[in-house]
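K.L.:
Sharing a structure below in structure tokens format, with a few things to ask.
The values are calculated or read from the model by the stated rules, or taken from the named source; none is laboratory data. The model shown is predicted, which means the values in this text are computed figures rather than measured ones. Here the Cβ positions follow ideal geometry from the backbone for every residue, glycine too, while neighbour counts run over all protein chains shown.
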Amino acid sequence: MRKLLGSRVFTALSLLLTIITFGTVGYVLIENYTVVEAFYMVIISITTVGFGEVKPLSDIGRLFTAVLILIGIGSIGFIGTSIVESVIQRIWTGRAGLLKMKKKINKLKSHFIVCGFGRVGEAAVEEFERQNASYVVIEPDHNLCEKMTAKGYLFIQGDATREEVLLEAGIKSAKGLLALLSSDPNNLFISLTSRELNPTLHIIARGEEKSSEKRILQAGADRVISPFLTAGRRIADDILTDTGILKVKPVDSAIFEMIPQWISVQEGSSMIGQTVQKISDEMGREIIGLRVGDTDYIFPESGTIINATDMLLVVAEAVNEEKSGETTIPSNPPKIVIIDDNIVILRLYVRLFQKAGFNPLTAMDGEQGLQLIREEKPVAAIIDYMLPNLSGIEVCQEVRKDPKLKAVKLVLFTGDETSETKKKALKAGADEVVRKTPEAFEIIQAAIKLINKKDD
């Protein structure tokens, strides 16, 4: 359509130039005008401005002028229509394209979200295209968005650190997210926000500074990559392999014992009027974020003054499953065991169950989880369906074989929605089966409801 409109405008302009040339030559030959006089006569004739004749016209000259006026009016009208249609069509096409793209994004399920369309982001999108995987890009730069438009990529022009933009990208139903901005603090905040919006999301974040890796993992990322560091290691691995030197990569089995936690500064709090550094020193915790109204600051300046209603994002200690059930919680709340092989989901549920008044104990495989249940005898156990060593079904079966664990309530959560899976879990001894969804509070509510049922 654009080519057609462009062709019409070109044709109209060419026609106008032809008419002007034809008219000028005609007046020179018919009325013996000079070229300037003839050109002037053509212009005032086809534009119908109403000026008088340069020189008195002959009858043939008047007939020629009449024909010239009719042709000129038609050509000018054609030019105006073509230009107006071209402008309107460009505007309409742009808006229609955005609406069409938005509809496609709204229909996405189990897709990937790419935050940032730099060199790394573009390479990731090209791979998604090759694999025919569903994705949407979030990019604030207008020029890069124009580039994606030309390539037919799905994108949202906006700030990926904003919750509303992530929701527009369908984060609730997404399968994975790539935080590929050039700023480590921004990637940290994207990881934190994304994990809160979708606990089951697989998040890979870019990290430029090695010191940022642990913080980004604590914020919710499953993995942190450095493009330059990864490339360097890959090159080293390749040359070591090519030269016959075997290189065994150590497996990093360390489990971070820190989770991010928001603290509200209430009216009358002793923190009001103090600096970020002083509060951090008094609490013995690192402050990695500050929320003032609707604005978030990652790694705020140490001299920033804290006011009432501000919120602090601090790094707090979490339960480590390697401590055989030890916890940092000073009170004596009811114990609950959480078994999942995803450390990020474990950290999230630990935080949520702590807020709900429980003492969460964690394990990352079926055997360890079963042993923890036998030792601690919790009021309930939250068990993932797919686990190493022993599956969630097998853990339920083993718990129900032990008379001493009869009072333990078992909640199995799974990504499988089929009725067969639920029947199998209930038959194995589970008291409740909850589908694993982005709404983490469903697990909490199911556990609390189940535990309260015991007291009825």
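K.L.:
Pick from Leu188, Leu177, Leu192, Leu167: which is in a strand (DSSP E or B), touching a residue at least 12 places away in the same chain (Cβ under 8 Å) and under 30 Å from Leu313 (Cα atoms)?
P.N.:
Unique residue meeting the criteria: Leu177.
K.L.:
What's the total number of residues in region 108-138 that are assigned to a loop (DSSP other than H, G, I, E, B), more than 21 Å from Thr161 (Cβ to Cβ) and in contact with a Ser or Thr (Cβ under 9 Å, 6 or more places away or on another chain)?
P.N.:
Going through region 108-138 one residue at a time, the tally reaches 3.
K.L.:
Of all residues in region 369-393, how many are crowded, with 16+ Cβ neighbours inside 10 Å and not β-branched (Val, Ile, Thr)?
P.N.:
Number of matching residues: 13.
K.L.:
Next question. Could you check, for region 360-374, whether at least one of its residues is of a type in the set (Gly, Ala, Ser) and part of a loop (DSSP other than H, G, I, E, B)?
P.N.:
Looking through region 360-374, none of the residues is of a type in the set (Gly, Ala, Ser) and part of a loop (DSSP other than H, G, I, E, B).
K.L.:
Ok, one more. Taking only pairs six or more apart or across chains, which ones have beta-carbon atoms under 9 Å, a first residue in region 29-41 that is assigned by TED's automatic domain parsing to the domain that holds Glu53 and surrounded by 11 or more Cβ atoms within 10 Å (Cβ to Cβ), and a second residue that is of a type in the set (Asp, Glu) and not in a helix (DSSP H, G or I)?
P.N.:
The qualifying pairs are Met41/Glu53.
K.L.:
In addition: Which residues, counting only those in region 1-58, are of a type in the set (Ser, Thr, Tyr), closer than 18 Å to Gly80 by Cα and modelled with pLDDT of 85 or more?
P.N.:
Thr18
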